[in-house]
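Peer 1: Starting off with a structure, shown below.
The values are calculated or read from the model by the stated rules, or taken from the named source; none is laboratory data. All values reported here derive from a predicted model rather than from experimental measurement. Here the Cβ is made from the backbone with ideal geometry for all residues, glycine too, and neighbour counts use every protein chain on show.
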Amino acid sequence: MIEVIKLGGPLGAEIRGIDPRKALSADEAKALHDAFLENLVLRIRGAPLTVPQLRDFSRYLGVLRPHAAKAYHDKDVPEVVIMTNLDANGVYDKVGAERGVGWHVDGTFQQDPTKATVLHSVALPDHGGNTAFANMYQAWDTMPEDLRRRIDGLTAVHRLRGRKAYTQGIVSAAEMQKMGTVRHPVVRIHPETGKKAVFVNPHHTLQIEGMTREASDALLEEIFAWCERPEFQWEQEWQVGDTIIWENRCAWHSGRADYPKNQLRKFYRTSIFEFGSASTHTH
Ligand SMILES: [Fe+2]
């Protein structure tokens, strides 16, 4: 029998009583999905998975698609991304290690954003490297009325790496031209629960439509300052063999880079969508 144990924060629950390495019954799969919608972040502890086992388990949550960054695919299972801070020679890979650090939502630069992400820990440093989550239903529900009034109904433009691509020179002008942009509501109605959640994020949101860059930046900073309040947050302290499933439609997440860089930190990851689709990426 599936057990759902809340972890004491504004989101997050541990699931016990199912084995992610085995096929789930229809009732178990439904209970898992219901717990996901209610708690936004789920943890299953103490069950090391192989790459194919993670792929098969992830399919209970929705449809898998290979990630845009092909370099990180598992060689046999393209739906699974290998995330690691050390390259094949044990040398620190700054790009690989710093993916996912800072508050963001996976895949909002796509027309059809990611529903959920599943992350499974394979190797961990001896301390640090938590993953933090923030509840964007709660950020909306408790937001001061004046700010709610100013942002509800607005639309934001998203692009891979958002405003950072402007300010940090990560992407060349020519590449920026080629990259598509997509539009999403600043406050979005969750397609399954019908509840409203803040749906801009510091990483991939480029600009609010119909405003000057300056006005848009100022408003985004005001929204982000609210959404980053600690009362919306909970942190996962990883153990090897943990599987975490998180919402990308009503929660932010951020990896912490405060771990010893010379120690291996390795995860398997899948990206889950609501529907199958041939055209996944707009850039
Ligand atoms: Fe992420």
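Peer 1: Being at pLDDT 95 or above, touching a helix residue (DSSP H, G or I) at 6+ places or on another chain (Cβ under 9 Å) and either assigned to a loop (DSSP other than H, G, I, E, B) or not small (G, A, S) (or both): is that true of I5 here? If you could, list the steps in order and put the result at the bottom.
Peer 2: Details: at pLDDT 95 or above: yes; touching a helix residue (DSSP H, G or I) at 6+ places or on another chain (Cβ under 9 Å): no; either assigned to a loop (DSSP other than H, G, I, E, B) or not small (G, A, S) (or both): yes.
Against the criterion (at pLDDT 95 or above, touching a helix residue (DSSP H, G or I) at 6+ places or on another chain (Cβ under 9 Å) and either assigned to a loop (DSSP other than H, G, I, E, B) or not small (G, A, S) (or both)), I5 does not qualify.
Peer 1: What number goes with the only condition from (1) among the β-branched types (V, I, T); (2) closer than 21 Å to P66 by Cα; (3) surrounded by 18 or more Cβ atoms within 10 Å (Cβ to Cβ) that V95 does not pass?
Peer 2: (3)
Peer 1: What is the one condition in (1) within 17 Å of R229 (Cα to Cα); (2) at pLDDT below 90; (3) aliphatic (A, V, I, L, M) that M136 does not satisfy?
Peer 2: Going through the list (1) within 17 Å of R229 (Cα to Cα); (2) at pLDDT below 90; (3) aliphatic (A, V, I, L, M), M136 breaks only (2).
Peer 1: Among the residues of the range 178-227, which ones are of a type in the set (A, V, I, L, M, F, W, C), surrounded by 14 or more Cβ atoms within 10 Å (Cβ to Cβ) and assigned to a helix (DSSP H, G or I)?
Peer 2: If the condition is that a residue be of a type in the set (A, V, I, L, M, F, W, C), surrounded by 14 or more Cβ atoms within 10 Å (Cβ to Cβ) and assigned to a helix (DSSP H, G or I), then L219, L220, I223, F224, W226, C227 are the ones that fit.
Peer 1: Give the residue, chosen from A23, A31, that is crowded, with 19+ Cβ neighbours inside 10 Å, in the same structural domain as N248 (by TED's automatic domain parsing) and not in a strand (DSSP E or B).
Peer 2: A31
Peer 1: Just one of E231, E235 is modelled with pLDDT of 95 or more, in a helix (DSSP H, G or I) and either touching a strand residue (DSSP E or B) at 6+ places or on another chain (Cβ under 6 Å) or of a type outside the set (G, A, S) (or both); which is it?
Peer 2: Details: E235 fails: in a helix (DSSP H, G or I).
Within the list E231, E235, the selection yields E231.
Peer 1: Next question, about the same structure. Out of the range 238-262, which residues are away from the ligand (no atom under 16 Å from the Cβ), modelled with pLDDT under 95 and surrounded by fewer than 17 Cβ atoms within 10 Å (Cβ to Cβ)?
Peer 2: Of everything in the range 238-262, those that are away from the ligand (no atom under 16 Å from the Cβ), modelled with pLDDT under 95 and surrounded by fewer than 17 Cβ atoms within 10 Å (Cβ to Cβ) turn out to be D258, P260, K261, N262.
Quick grid of which residues meet (1) touching a residue at least 24 places away in the same chain (Cβ under 8 Å); (2) within 18 Å of V101 (Cβ to Cβ); (3) of a type in the set (K, R); (4) not assigned by TED's automatic domain parsing to the domain that holds H184:
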{"position": "A197", "(1), (2), (3), (4)": "yes, no, no, no"}
{"position": "T205", "(1), (2), (3), (4)": "yes, yes, no, no"}
{"position": "R213", "(1), (2), (3), (4)": "no, no, yes, no"}
{"position": "A251", "(1), (2), (3), (4)": "yes, yes, no, yes"}
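Peer 1: Could I ask something else about it? Whether any residue in the range 40-56 is under 29 Å from K178 (Cβ atoms), within 16 Å of the ligand (Cβ to nearest atom) and outside any helix (DSSP H, G or I) is what I want to check.
Peer 2: In the first step, residues of the range 40-56 are kept if they are under 29 Å from K178 (Cβ atoms); the result is none.
No, the conditions are met nowhere in the range 40-56.
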